[in-house]
Amino acid sequence: MRSIRVPADRVGTLIGKNGETKNMIQKISGVKIDIDTEEGEVTVHDDVELEDPVMALKILDVIKAVGRGFNPEKAMRLFEEDEYLEIVDIKDFVGDREGQVTRIRGRLIGKNGKTRRIIEDLTGCDMVIYGNTVGLIGNSITLPIAKHAVELIMHGSEHATVYHYLESQRPRLRIAEMGFDL
């Protein structure tokens, strides 16, 4: 049995309307979960015999992804083969200065969501900015590229430089789309 805490404002999303999201997660994973709506504590009963032993880790990532701001449909992408979650803490780059965190969040989102959309479109990763973190979901090839783009922005690189980097990675990403391992 393992437990993971999700922010109080994300508990309802994890449960879903009439418990649909929670039931879907349990059905896909074969693992029972209990959600304490007061504390945001999610208990994962992974002590059962699973067909896929990795499922116990995947369900934790799905719960963590929903807790970090992903909608449940995008988070369930983590149940697929070669899909991973990466959480980057903005404070690791700017410290505890709230003004800097807000500025970096703005740079990551871009005007009308342009920067976030370009990173998602060019890499095929899903990206969400929630609180002090940036969440990314992608495969073993796209995820490091998207993470590097996010880190470039947090280190202060010009947006044009980041877009150029993403464009330069397109051949690699196209090969990955075809299903070839690099």
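Numbers at a glance
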quantity: Residue list for the stretch 153-176, restricted to those being small (Gly, Ala, Ser) and surrounded by 13 or more Cβ atoms within 10 Å (Cβ to Cβ); calculated: 157, 176
quantity: Among residues of the stretch 112-131, those that are assigned to a loop (DSSP other than H, G, I, E, B), touching a helix residue (DSSP H, G or I) at 6+ places or on another chain (Cβ under 8 Å) and modelled with pLDDT under 95, counted; calculated: 1
quantity: In the stretch 88-108, residue farthest from the chain's Cα centre (by Cα) [restricted to those that are under 16 Å from residue 137 (Cα atoms) and surrounded by 15 or more Cβ atoms within 10 Å (Cβ to Cβ)]; calculated: 108
quantity: Of residues in the stretch 36-67 being part of a loop (DSSP other than H, G, I, E, B) and in contact with a Lys or Arg (Cβ under 7 Å, 6 or more places away or on another chain), the one nearest to residue 25 (Cα to Cα); calculated: 46
quantity: Single unsatisfied condition, residue 75 versus (1) out of contact with any strand residue (DSSP E or B) (no Cβ under 9 Å at 6 or more places or on another chain); (2) surrounded by 20 or more Cβ atoms within 10 Å (Cβ to Cβ); (3) in the same structural domain as residue 59 (by TED's automatic domain parsing); calculated: (1)
quantity: Lone unmet requirement of (1) closer than 17 Å to residue 120 by Cα; (2) without any contact (Cβ under 8 Å) to a residue 40 or more places away in the chain; (3) under 10 Å from the mean Cα position of the chain (by Cα) for residue 70; calculated: (2)
quantity: Breaking point among (1) in a helix (DSSP H, G or I); (2) crowded, with 17+ Cβ neighbours inside 10 Å, for residue 70; calculated: (1)
quantity: Residues located in the stretch 36-54, provided they are crowded, with 18+ Cβ neighbours inside 10 Å and hydrophobic (A, V, I, L, M, F, W, C); calculated: 42, 44
quantity: Restricting the stretch 14-47 to residues that are over 18 Å from residue 58 (Cα atoms) and within 20 Å of the chain's Cα centre (by Cα), the residue that is modelled with the highest pLDDT; calculated: 16
quantity: Considering residues of the stretch 121-144 that are touching a Leu at 6+ places or on another chain (Cβ under 7 Å) and farther than 30 Å from residue 8 by Cα only, the residue surrounded by the most Cβ atoms within 10 Å (Cβ to Cβ); calculated: 123
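The values are calculated or read from the model by the stated rules, or taken from the named source; none is laboratory data. Just so it is clear, the structure is predicted and the values come from calculations on it, not from any experiment. Cβ: placed from backbone, ideal geometry, glycine included. Neighbour counts: every protein chain shown.
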